[in-house]
Amino acid sequence: MDRGLVLKRLFDLAVSLPALVVSLPLQAVTALAVRLSMGRPVLFRQRRPGLHGEVFELVKFRTMHHEDVSRGRVDDASRLTTTGRVLRKLSLDELPSLWNIVRGDMSLVGPRPLLERYLDRYSPEQARRHEVRPGLTGLAQVSGRNQLSWEDKLRLDVEYVDTRSFIGDLRILAATVRQVVRGSGVSAVGEATMPEFHGTTAREDRA
């Protein structure tokens with residue numbers, strides 16, 4: 001195995017294992033807040049493509065009500081709760097994903113794991129984001145997060161693949177801490193979260 005990949009994996013474990021243990025009291029409080037505001041389940045679980053497009057189960061804290069047409073809960077804006085907004089702003093919803101890093105599904109730094117249905121919407125170049133493990137944070141996240149267009153996000157994901165380094169990862173982690181403190185870039189302009197990626201540009205690239 002490449003020495004850089006071994007170092008990256010060891011660093012992931014060295015950070016995520018202690019962070020998982022230390023954050024348990026905070027996760028317990030967060031779980032209680034989710035349970036009281038949204039009911040069960042407390043955890044959000046969803047299949048996401050990882051390294052080489054292989055699917056794994058992502059784990060996070062819930063931030064939204066279940067879809068319910070009778071109550072008008074049909075989109076992100078109507079389903080996202082007040083508690084969920086706070087969790088997203090502080091990135092507390094991501095804490096259970098530390099377990100995904102320990103398991104080896106994810107890394108601390110890399111392209112964010114997106115929806116499984118997006119797989120056939122990427123251009124060949126955009127699909128290169130799956131050449132590395134997805135990350136808890138990444139270059140796109142510290143460059144504007146959800147305020148970036150999909151094209152810019154995916155371009156930065158591929159840029160990370162091509163330029164990744166241990167020092168680069170440390171810089172991204174430091175920038176992530178600053179961003180979490182500021183609570184910036186949580187949602188796209190005019191959106192509760194981020195609009196769906198329909199792959200319009202990706203289809204044009206294939207033509």
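The values are calculated or read from the model by the stated rules, or taken from the named source; none is laboratory data. This is a predicted model, so every value here is computed, not measured. Methodologically, a virtual Cβ is constructed for each residue, glycine included, from the backbone with ideal geometry; neighbour enumeration extends over all protein chains shown. Side chains included, ligands, DNA and RNA excluded: accessible areas come from the protein's heavy atoms. Shrake-Rupley method; radii C 1.70, N 1.55, O 1.52, S 1.80 Å.
The figures follow:
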item: Per-region count, the stretch 107-128, residues of a type in the set (A, V, I, L, M) and over 18 Å from Val15 (Cα atoms); result: 4
item: So Thr163, is it at pLDDT 95 or above and either more than 17 Å from Arg9 (Cβ to Cβ) or buried (at least 16 other Cβ atoms within 10 Å of the Cβ) (or both); result: yes
item: Filter result for the condition that a residue is of a type in the set (A, V, I, L, M) and crowded, with 17+ Cβ neighbours inside 10 Å, over Val177, Val158; result: Val158
item: Yes/no for Arg47 being open to solvent by 50 Å² or more (accessible area, probe 1.4 Å), touching a residue at least 60 places away in the same chain (Cβ under 8 Å) and under 24 Å from Arg133 (Cβ atoms); result: yes
item: Residues that are exposed (fewer than 15 other Cβ atoms within 10 Å of the Cβ) and touching a residue at least 60 places away in the same chain (Cβ under 8 Å), drawn from the stretch 1-18; result: Gly4, Leu7, Leu13, Leu17
item: Strands (runs of 3 or more DSSP E) wholly inside the stretch 35-152 containing at least 3 residues that are within 26 Å of Phe166 (Cβ to Cβ); result: 107-109, 135-137
item: Members of the stretch 143-153 that are within 13 Å of the chain's Cα centre (by Cα) and under 18 Å from Tyr122 (Cβ atoms); result: Lys153
item: Filter pass, Arg203 being closer than 19 Å to Leu95 by Cα, at pLDDT below 95 and of a type outside the set (A, V, I, L, M); result: no
item: Test: residue in the stretch 127-143 that is under 12 Å from Phe197 (Cβ atoms) and of a type in the set (S, T, N, Q); result: no
item: Within the stretch 58-101, considering residues that are modelled with pLDDT under 85 and under 18 Å from Gln46 (Cα atoms), the one least open to solvent (accessible area, probe 1.4 Å); result: Asp76
item: Subset of the stretch 104-154 that is basic (Lys, Arg) and touching a residue at least 12 places away in the same chain (Cβ under 8 Å) - its residue that is most open to solvent (accessible area, probe 1.4 Å); result: Arg133
